[in-house]
Amino acid sequence: MVKNKWDRAQWEHATMTMNLRCGGRCWWCTKELKNQVARHHRQRRQVGGDHLSNLVLLHPNCHNLHHSSVHQNPTEAVALGFIVPTWAEPVAYPIFAHNKWWLLDDAGTMLPSKKPD
C-alpha cells in the first residue's frame, strides 16, 4: 500500500516548492536544473510516500546515474542520505548536498544538520 500518494496538482505544487528549496540546482551534481527535472524519492515511494522530506530534484541523467550507483554501491547512497533505509523517517534522515548536511521537512524547507552517526 502506497502512503500519501499525490495527485497532479499536488505534484505541481511540490515540484515548485522543491525547486525553490534547492535554488534551482540538482541535488546530485549541483548544476542548474533549468527544465530538466526528475523527482527522486529518497525512500521507496511504497514505504515513504509522497512527502517533501522524501523528495529531491535531480537532472534525469543524474537520477539514472544515481540509481545505477545505488545498485553498485548502495552503502554510499545511504551514507549520503540519497537513499533512506526503511527503518528511518526521511524527515529525520540528513542528506549531503551542496557540500553540507541538511534535514528536509514536509513544509519544503531545509535546515542545516550534522553528519548522521
> Roughly how big is the chain's charge dipole about its Cα centre, with Cβ charges of +1 (Lys, Arg) and -1 (Asp, Glu), in debye to the nearest 20?
Replying inline: 180 debye
>> Run lengths n ≥ 4 of DSSP H only: what is the helix-derived mean residue ellipticity at 222 nm for the chain, with -39500 (n - 2.57) per run over all residues, to the nearest 500?
In response: -9000 deg cm²/dmol
> When only C-alpha pairs under 8 Å and at least 6 residues apart count, what is the relative contact order of the chain, in percent?
Replying inline: 24 percent
>> Which residue, 116, 97, 81, has the largest displacement toward the positive end of the dipole of the chain when charges sit on each Cβ (Lys, Arg +1; Asp, Glu -1)?
In response: 97
> So who's got an amide H within less than 5 Å of the one on residue 97, skipping anything under 5 residues away but keeping other chains? H placed 1.01 Å off N, in plane.
Replying inline: 102
> Peptides 46-55, 89-98: what's the order by average Cβ count within 10 Å, highest mean first?
Replying inline: 46-55, 89-98
> From the square roots a ≥ b ≥ c of the eigenvalues of the alpha-carbon gyration tensor of the stretch 14-75, which class results: rounded (a/c under 1.5), prolate (a/b over b/c), or oblate?
Replying inline: oblate
> Could you give the radius of gyration (one decimal) and Dmax (whole number) of the Cα atoms in the chain, in Å?
Replying inline: 13.1, 37
>> Test of the criteria: in the stretch 1-85, which trypsin sites (Lys or Arg not before Pro) are in a DSSP loop and have at most 13 other Cβ atoms within 10 angstrom of their Cβ?
In response: 3, 5, 31, 34, 44
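No lab work stands behind these numbers, since they all come straight from the coordinates. Quick caveat, the model's predicted, so the values are computed rather than measured. A quick note on method: Cβ atoms are made from the backbone with ideal geometry, for glycine too, and the neighbour counts reach across all protein chains shown.
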